[in-house]
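Note sheet for the following structure.
Please treat every number below as a calculation from the coordinates, not as lab data. All figures in this text were calculated on a predicted structure; none of them were measured in a lab. All Cβ positions, even for glycine, are placed from backbone atoms using ideal geometry, and neighbour counts span all protein chains on display.
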Amino acid sequence: MPKTMAKELSSEQVIEKPSEAIKNDALTRTIDHFKREWQIYLMLLPTIIWFVVFLYKPMYGLQIAFKDYSIFKGVANSPWVGFEHFETLFTNDQFLRAVQNTIEISALNLLFGFPAPIILALMFNEILHASYKRTAQTIVYLPHFISSVIIAGIVITAFSPSAGIVNTVMGWLGLDPIYFLTQPEWFRPIFVGTGIWQEAGFGSIVFLAAIAGVNPSLYESAVVDGANRWQMMWRITIPSIMPTILIMLIIRIGNIMEVSFELVILLYQPSTYSTADVVNTWVYRQGLQSGQYDLAAAAGLFNAVVAFVLVIVANTLSRRLSRTSLW
Amino acid sequence: MAGVTLSRIVKAYGSLEVVHGIDLDVKEREFVVLVGPSGCGKSTTLRMIAGLEEITGGELSIDGRYVNRVAPKDRDVAMVFQNYALYPHLNVAENMAFGLRIRRTPKAEIKKAIAETAEILGLTEYLHRRPADLSGGQRQRVAMGRAIVRHPKVFLFDEPLSNLDAKLRTQMRAEIKRLHNRLNATSIYVTHDQVEAMTLADRIVVMNDGIIEQIGAPMELFNNPANTFVAGFLGSPPMNQMKGQLTENGAKIGGAEIKVDGMVGNHIGRDVIVGVRPEHAVLKAGKDTSVLPIDLDLVEPLGSEALLHAHHGEDNMVFKAETKGDIGHLSGVSEVHVPASLVKIFDAESGRALDLGA
Ligand SMILES: Nc1ncnc2c1ncn2[C@@H]1O[C@H](COP(=O)(O)OP(=O)(O)O)[C@@H](O)[C@H]1O
Ligand SMILES: [Mg+2]
């Protein structure tokens, strides 16, 4: 009813002032739209507030990446220094090492950590016994709900040279104990392995949901055509969940610079910095521990820009190659 | 090519029995249609033949071989599903090749089979399209193509046309018929649509509630339904059924009495259902007709003919009448004339057709 009234109103105005009438028409339509859908916008509001408060407002402080920041002068009054902090960063060996570590650890994470939940989901999908399946799923989901501090505690205990189960078992086999967590070459396998243990199970939920969405008659048709379970997995399940896999991959690539910061902090120590120190931990040490807020902000900004570019590239590639994209 | 034999086939889900021991003998090259209301066990029966459902009891043989425990792939059947079951990530050619590739058929042979089948189905131009880029009718054709390329012993169809709109369904129905005439393959076709059953079948199997009500050629079932269920299922609109009693001269329906062919004598006084097809009753008295007074409720024009909705006592009925371009003359109808030779009599209690030896 209000729609037709708006139309009549505007057609009257068209006779007098055409351009304004069109504007008014668009305006009334927008108002009508809000009147009709306001509940949906209301529901959106908390999310927008969260974004503004926790993500957009702090961006104001980002300007210190280009300033000689002093707490006493404040963000606004500190003098501009241009790209000086970035020049400092790229001549800083520790920062460059952190960038390289970030990329290398992320690459390992991607290589081993990304397929793990997919493989888990495919394996769960092959379990026919319902209660066995539920139990197995619950067990692998569990570590996700345990705090990283406790996870790190478990890992540190397990790999401890004196009481750890790993060294104990190695002792039975007649091997010398290894001080795993103090040795740079052991940090990455332990870190990546811990990440998989913690998140692979929970990550498999997304893929299980995708598998559940596959039309069952595709499998029935394949059964009649003579496919075995292995062939059905390769020729139906995996292609069917490929869009989900690609979306998850894009998100993952976007997060490449975000190596699980707290787990690194909890597991590394000065003796393993050479392989373990990543951009975020370096920022944390420079910023919060040494008080170089401006330099840390510059490093954080660099991290964010790289991540942003990565997401766009991954999304574009995916859209070109597989007609699947985040936006 | 091969026949399919079901003997005393039973299907139960847990303690719930949904197919109650059915017998059916599908001959080589025959096109058999299982028809019945939704939920009567047609799909279940078809899926047992395909091997997608375990057979709870009875024996199934294909081509003379007992196959109850044989895996679907070794039964040499192909199935066409209602929702087409096309692989969305494969194009038309790859979809059709799927079964052959699984069976490791040589590449050249696959290519030849696909080219031939695509030719038959008019899909040659679409071989490189994905299912998403096809119309409903084309998808249905691909689904059939996927079955055809395999040259199976038996084709199974589960409501293959029910996702199509009415016009396309009529068109595809004719196409399936032509295809069967050409390939001459043993086919078992499930539908709830009696028109599809009538037009396609060599023989129709009418199912209801997990049992077979009647098996026979389409016109045989139409002319001589074995019971009130079949009478009420086939034909559009289906046969009118009126409560009545047999008398010396025929059947009494409410206040009216109509003549019935055959020897009613042995059954005088018996409660019966009197069946008259909508198109068999006429508006003018003819040879050997009797009058059935009706109260007209509604006239529905269909074009060249109209449906007269009416009642007589408690029984509702529908008759067909010619319009001759106008329905005005139909609004005053107060009686129809029923030819004695076309009246069907069913036992009121069992619903079975009475054999009056006519
Ligand atoms: N997996 C199942 N578990 C329990 N009951 C089922 C199952 N599949 C079908 N049924 C029941 O079996 C009966 C026959 O189903 P179906 O063969 O699909 O009917 P239709 O004749 O419509 O194809 C229905 O009552 C249905 O509810
Ligand atoms: Mg069905």
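Relative to the compact globular guide of 2.2 N^0.38 Å, what is the alpha carbon radius of gyration of the stretch B:82-214, as a ratio?
So the Cα radius of gyration is 1.09 times the expected 2.2 N^0.38 Å.
Evaluate the relative contact order of chain B (contact order divided by residue number), counting alpha-carbon pairs under 8 angstrom at least 6 apart; express in whole percent.
About 16 percent, as a whole number.
Give the shape of the stretch B:13-109 as rounded, prolate or oblate, defined through the alpha-carbon gyration tensor: a ≥ b ≥ c are the square roots of its eigenvalues, a/c under 1.5 means rounded, and otherwise the shape is prolate if a/b is larger than b/c and oblate if not.
Prolate.
Inside 10 Å of the C-beta atoms of B:88-97, what's the mean count of C-beta atoms belonging to other chains?
2
Per DSSP H run of at least 4 residues, take -39500 (n - 2.57); add these up for chain A, divide by its residues and hand me the 222 nm value, nearest 500 deg cm²/dmol.
-22000 deg cm²/dmol
I'd like the Kirkwood hydrodynamic radius of the protein assembly as shown, using the inverse of the mean 1/r over distinct C-alpha pairs, in Å.
33.0 Å
Just flag the GluC sites (Glu not before Pro) in the stretch B:1-55 sitting in loop per DSSP whose Cβ has no more than 14 other Cβ atoms within 10 Å.
B:Glu28, B:Glu54
Taking R0 as 30 Å, what's the FRET efficiency between B:Ser350 and B:Val291 from their Cβ-Cβ distance, rounded to 0.05?
Once rounded, the FRET efficiency stands at 0.55.
Have a look at B:Ser334, B:Leu298, B:Leu283 and report the one farthest towards the positive end of the charge dipole of the stretch B:239-347, computed about the Cα centre with Cβ charges (Lys/Arg +1, Asp/Glu -1).
Highest projection toward the positive end goes to B:Leu283.
Compute the semi-axes of the equivalent ellipsoid of the stretch B:239-347, taking the square root of 5 times each eigenvalue of the Cα gyration tensor, and list them largest first in whole Å.
26, 13, 11
Quote the charge dipole size of the stretch A:171-253 about the Cα centre in Debye, to the nearest 20; the model charges only the Cβ of Lys and Arg (+1) and of Asp and Glu (-1).
For the stretch A:171-253, the charge dipole is close to 160 debye.
Give the angle, between 0 and 90 degrees and rounded to the nearest 10, that separates the Cα long axis of helix B:92-102 from the longest principal axis of the Cα atoms of chain B.
Tilt of helix B:92-102: around 70 degrees.
Grab the beta carbon distance between B:Gln171 and B:Asn223, set R0 = 35 Å, and tell me the FRET efficiency rounded to 0.05.
In this case the efficiency is close to 0.80.
Run the numbers on chain A and let me know its relative contact order in percent, using alpha-carbon pairs under 8 Å that are six or more apart.
22 percent.
Just the Cα atoms of the stretch A:89-322: what Rg and Dmax do they give in Å?
Here Rg and the maximum Cα pair distance are 21.0, 68 Å.
Could you give the nm distance between label points at A:Ile119 and A:Ile154, where each point is 7 Å from its Cα heading toward the beta carbon?
2.0 nm
Given the Cα-Cα distance of A:Val81 and A:Ala209 and 0.36 nm per residue of separation, how much length would full extension add, in nm?
The span from A:Val81 to A:Ala209 would gain 41.0 nm if fully extended.
Which whole-percent values make up P(r) of the stretch B:227-298 when all C-alpha to C-alpha distances are grouped in 10 Å steps starting at zero?
So the P(r) values, bin by bin, are 18, 48, 32, 2.
Report the residues of the stretch B:29-66 in range of a label on B:Asp23: point 7 Å along Cα→C-beta, backbone N strictly under 14 Å from it.
Answer for the stretch B:29-66: B:58-59.
For the stretch B:232-312, run through the GluC sites (Glu not before Pro) and keep only the ones in DSSP coil with at most 10 other Cβ atoms within 10 Å of their Cβ.
When the GluC sites (Glu not before Pro) of the stretch B:232-312 are filtered for loop state and at most 10 Cβ neighbours within 10 Å, B:Glu248 remain.
So how strong a dipole does chain B carry about its Cα centre when Lys and Arg Cβ are +1 and Asp and Glu Cβ are -1, to the nearest 20 debye?
1940 debye
List nothing, just return the count: lysine pairs in the stretch B:4-228, 8 or more apart or interchain, with Cα separation under 18 Å.
6
Excluding same-chain residues fewer than 8 positions from B:Lys324, which lysines have a Cα within less than 23 Å of its Cα?
Cα-Cα hits under 23 Å: B:Lys284, B:Lys287.
Along each of the three principal axes of the Cα atoms of the stretch B:156-283, give the extent in whole Å, ordering the values from largest to smallest.
Sorted largest first, the three principal extents are 53, 30, 26 Å.
Report relative contact order for the stretch A:165-251 in percent, whole number only (criteria: Cα-Cα under 8 Å, sequence separation at least 6).
Normalised by residue count, the contact order of the stretch A:165-251 is 22 percent.
Give the calculated FRET efficiency between A:Met170 and A:Ala136 to the nearest 0.05, with a Förster radius of 30 Å applied to their Cβ-Cβ distance.
0.60
Please report how far the C-alpha centroid of the stretch B:43-82 lies from that of the stretch A:102-163, rounded to the nearest whole angstrom.
42 Å
Can you tell me the length gained on complete extension of the stretch B:Leu16 to B:His151, counting 0.36 nm per residue apart and subtracting the Cα distance?
Gain in length upon complete extension: 45.0 nm.
Using a basic spin-label model with each label point 7 Å from the Cα along Cα→Cβ, how many nm lie between A:Ile127 and A:Asn255?
Output for this residue pair reads 2.3 nm.
Fewest to most neighbouring Cβ within 10 Å: what's the order for B:Ser350, A:Ser217, A:Ser260, B:Ser15?
Ordered by Cβ neighbours within 10 Å, fewest first: B:Ser15, B:Ser350, A:Ser217, A:Ser260.
Loop only by DSSP, 14 or fewer other Cβ within 10 Å of the Cβ. Give me the trypsin sites (Lys or Arg not before Pro) in the stretch A:259-327 that pass, ordered by residue number.
Answer in residue order: A:Arg323.
In deg cm²/dmol, rounded to 500, what helix-only [θ] at 222 nm does chain B give when every DSSP H run of at least 4 residues adds -39500 (n - 2.57) and the total is split over its residues?
That calculation yields -7000 deg cm²/dmol at 222 nm.
Quote to one decimal, in nm, the extra length available between A:Thr47 and A:Met233 on full extension: 0.36 nm per residue of separation minus the C-alpha distance between them.
63.1 nm
Short version: what are the Cα gyration tensor semi-axes of the stretch B:85-148, square root of 5 times each eigenvalue, largest first, in whole Å?
Whole-Å semi-axes of the equivalent ellipsoid: 18, 12, 9.
What translational diffusion coefficient, to the nearest whole µm²/s, does the stretch B:4-228 have by Stokes-Einstein, given a Kirkwood radius computed over alpha-carbon pairs, a temperature of 20 °C and 1.002 mPa s viscosity?
My calculation gives 119 µm²/s for D.
Quick check for you: which residues of the stretch A:46-60 have the amide N under 18 Å from the point 7 Å beyond the Cα of A:Leu326 toward its beta carbon?
Once the point is set 7 Å along Cα→Cβ of A:Leu326, A:48, A:51-52, A:55-56 turn out to lie under 18 Å by backbone N, inside the stretch A:46-60.
Give me the net charge of B:Gly269's neighbourhood, meaning all other residues with Cβ under 15 Å from the Cβ of B:Gly269; Lys, Arg count +1, Asp, Glu -1.
Its environment carries a net charge of -2.
Order of B:Lys42, B:Lys27 from fewest to most other C-beta atoms within 10 Å?
B:Lys27, B:Lys42
Mind jotting down the three principal axis lengths of the stretch A:54-190 based on Cα atoms? Whole angstrom, largest first.
65, 42, 27
Determine, for B:Glu125, B:Glu116, the number of other Cβ atoms within 10 Å of each Cβ, and report the residues in order from fewest to most.
By the 10 Å Cβ count, ascending: B:Glu125, B:Glu116.
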